[in-house]
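Trainee: First the structure, then my questions, so here it is.
The values are calculated or read from the model by the stated rules, or taken from the named source; none is laboratory data. None of the values given here were measured: they were computed from a predicted structure. All Cβ positions, glycine included, derive from the backbone under ideal geometry; neighbour counts span all protein chains shown. These area figures cover heavy atoms from the full protein model, side chains too; ligands, DNA and RNA do not enter into them. Shrake-Rupley method; radii C 1.70, N 1.55, O 1.52, S 1.80 Å.
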Amino acid sequence: MFEINPKIEVKKEYLLDTTIFVVEDFYRNPDQVFDFLFNREIPLWKINQEPTSNGIHFEDRRTIEDWGSYNLKKVYEFLKKLCNQTYQKPEIVTNATKFYKHDFNDYKNCNWWPHRDDGYNAIVYFNDECGTNLYSPDHVDELSHEHKDPWIQKGKYQVLKTLEPKFNKLVFFDGLKFPHGMDISNDTYFDKFRYNQVFFFDA
């Protein structure tokens, strides 16, 4: 199911003394992976945490489940060798996001939820638009509430780099050092979902 393409080439980019890894055509059978991950009911994320606009102004849906598959563990082990960080267990983690046409979703003047994670993050895109913004780590203010105030006025965070998406492309970056978030730069995902699979590591 999660077999890595045997012909991949790992490319490296550098940003503020960190390495960003980029792999095109990551999975050998990406359509099969997509069908398995996303042709199912995916629940709204943190829907019981209040206050929330999830399910009101947008849909943030996620799958997090144990998957003892040898193939998925191989993906985690492959990534572990690149970043030299550890993972807790080889979980399936997915994001599916869609926005409603409402003034709340002011993507022209705002950026979507800059946040940090515990270490390196890998994202496999299953879309060709709206990648991931990496923001300056110099911004130390408290980050916004994920589902209450996810939109931040443009200019408050300095965008250092936008990781461009492509179907079956993997990007791997330091999600602890860089605040980061979806690059919602057009209305593509007001009519359909933005899909990706993610892998989290601990610094």
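Trainee: Return the total of residues in segment 65-84 being among the basic types (Lys, Arg) and either modelled with pLDDT of 95 or more or out of contact with any Phe, Trp or Tyr (no Cβ under 9 Å at 6 or more places or on another chain) (or both).
Mentor: Within segment 65-84, the subset among the basic types (Lys, Arg) is 73-74, 80-81.
With the extra rule that they be either modelled with pLDDT of 95 or more or out of contact with any Phe, Trp or Tyr (no Cβ under 9 Å at 6 or more places or on another chain) (or both), the set shrinks to 80-81.
Residues in segment 65-84 being among the basic types (Lys, Arg) and either modelled with pLDDT of 95 or more or out of contact with any Phe, Trp or Tyr (no Cβ under 9 Å at 6 or more places or on another chain) (or both): 2 in total.
Trainee: Then there's this: Please name all residue pairs, on different chains or six or more residues apart, with Cβ atoms under 9 Å, provided the first residue is in segment 81-98 and is in contact (Cβ under 8 Å) with a residue 12 or more places away in the chain and the second residue is among the polar types (S, T, N, Q) and outside any strand (DSSP E or B).
Mentor: Pro90/Ser69; Ile92/Ser69
Trainee: If you don't mind, another one. Restricting to segment 82-132, give me the number of residues that are closer than 20 Å to Phe21 by Cβ, open to solvent by 30 Å² or more (accessible area, probe 1.4 Å) and in contact with a His (Cβ under 9 Å, 6 or more places away or on another chain).
Mentor: 2
Trainee: Something else about it: Any chance you could count how many residues in segment 26-42 are within 17 Å of the chain's Cα centre (by Cα) and open to solvent by 30 Å² or more (accessible area, probe 1.4 Å)?
Mentor: Number of matching residues: 1.
Conditions (1) among the hydrophobic types (A, V, I, L, M, F, W, C); (2) in contact with a helix residue (DSSP H, G or I) (Cβ under 9 Å, 6 or more places away or on another chain), marked per residue:
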site	(1), (2)
Lys73	no, no
Tyr76	no, no
Lys81	no, no
Asn84	no, no
Tyr87	no, yes
Thr97	no, yes
Asp103	no, no
Cys110	yes, no
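Trainee: A follow-up question, please. Can you pull out the residues in segment 50-95 that are over 28 Å from Lys12 (Cα atoms), of a type in the set (Ser, Thr, Tyr) and either touching an Asp or Glu at 6+ places or on another chain (Cβ under 6 Å) or not in a loop (DSSP other than H, G, I, E, B) (or both)?
Mentor: Within segment 50-95, Thr63 is the sole residue that qualifies.
Trainee: Between a residue in segment 29-52 that is touching a residue at least 40 places away in the same chain (Cβ under 8 Å) and any residue that is open to solvent by 60 Å² or more (accessible area, probe 1.4 Å), which pairs come within a Cβ distance under 6 Å, given they are 6 or more apart or on different chains?
Mentor: Pro51/Lys148
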